Amino acid sequence: MAVNWLPFLGYLSISFGPSVTTFALVAASEAQAVILWITSAFFWLLSLLLTSLLWLAVVPLKEYLIFSLVFSVIFQECFRVLFILLVKVANTALSRISRDTTDLFHGPRYSLIAGLGYGVMSSMFMYVNVLSEASGPGTIYSKGSPSMPIFLTGALLASAMTALHVCWGILASDAVHTRNYGLGAVVLISHLFASAMTIMNEYDISPIYSIFTTYLTLAAVGIFTFRHAKGNIRAFAKVL
């Protein structure tokens, strides 16, 4: 059986290339950052577990994808807040026994790493099963666009959602530490909107629309995050 490795590697690079590069630049050189990245990914798995239990418990609503999506987003953001609070408590406890303890969640860099862990795990569950079929012979096209492979659609959406989780991680961390409920609402609403746009791929609608709206959301949230963090090019370079 022929294996199309070239398209497979291309889709893999689109979907996870930016996140792997970011991880290598920001987190890979520091054990503390790697632990933070893994832990945040684990908390995303906990939110998925809770969503699955709810999906199994509410039998009549299994046919409605929007129901699962809404509660999945809510659980993801709840566990994101829980993760930030637990790290904050851990920092307080460790500071009492060691003067050399540094804040694991201090500044945008660590918020970025936590968001990256969330985003990578989310994209893996969203896209890895689709990606595994890309190495086989032939290709599968989207329902609404007979000329666009479903693998390319998934890769573009996975990359965008990972970047969005990075932004949401930074905003959510600041919202928790400053008790800014309005900022928390921005994270939740934008997350719901971006996730809802992906449902269009389930119908006979061109995936261009979901890709466009997702990247438009990424641009808006990214600019808002950068401005909210009072970012500038020099500060961004220091974070990296």
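Below 14 angstrom from the Cβ of TRP168, what's the summed charge of the other residues (Lys, Arg +1; Asp, Glu -1)?
-1
Let me check something: with ligands and nucleic acids excluded, how do VAL70, VAL221 order by accessible area (1.4 Å probe), largest to smallest?
From most exposed to least exposed: VAL70, VAL221.
Carbon and sulfur together cover what percent of the accessible area of the stretch 7-62 at a 1.4 Å probe radius?
Exposed carbon and sulfur together represent 82 percent of the surface.
Please work out the FRET efficiency for the pair TYR64 and TYR181, using the Cβ-Cβ distance as r and a Förster radius of 45 Å; give the result to the nearest 0.05.
Rounded to the nearest 0.05, the efficiency is 0.95.
If I ignore ligands, DNA and RNA and count only protein heavy atoms, how much of PHE8 is accessible to a 1.4 Å probe, in Å² to the nearest 10?
Near enough 40 Å² of accessible area.
Please list GLU133, GLU63, GLU77, GLU30 in order of solvent-accessible area, largest first, computed with a 1.4 Å probe with all protein chains present.
GLU63, GLU133, GLU30, GLU77
How large is the convex hull of the C-alpha atoms of the stretch 162-205 per residue, in Å³?
Each residue corresponds to 53 Å³ of Cα convex hull volume.
With a 1.4 Å probe and all protein chains in place, put LEU152, LEU86 in order of accessible area, largest first.
Sorted descending by solvent-accessible area, the residues read LEU86, LEU152.
The values are calculated or read from the model by the stated rules, or taken from the named source; none is laboratory data. Source: prediction; values computed, not measured. So basically every Cβ, Gly included, is an ideal-geometry build from the backbone, and we count neighbours across all protein chains shown. Calculation scope for accessible area: heavy atoms of the full protein, side chains included, ligands and nucleic acids excluded. Shrake-Rupley method; radii C 1.70, N 1.55, O 1.52, S 1.80 Å.
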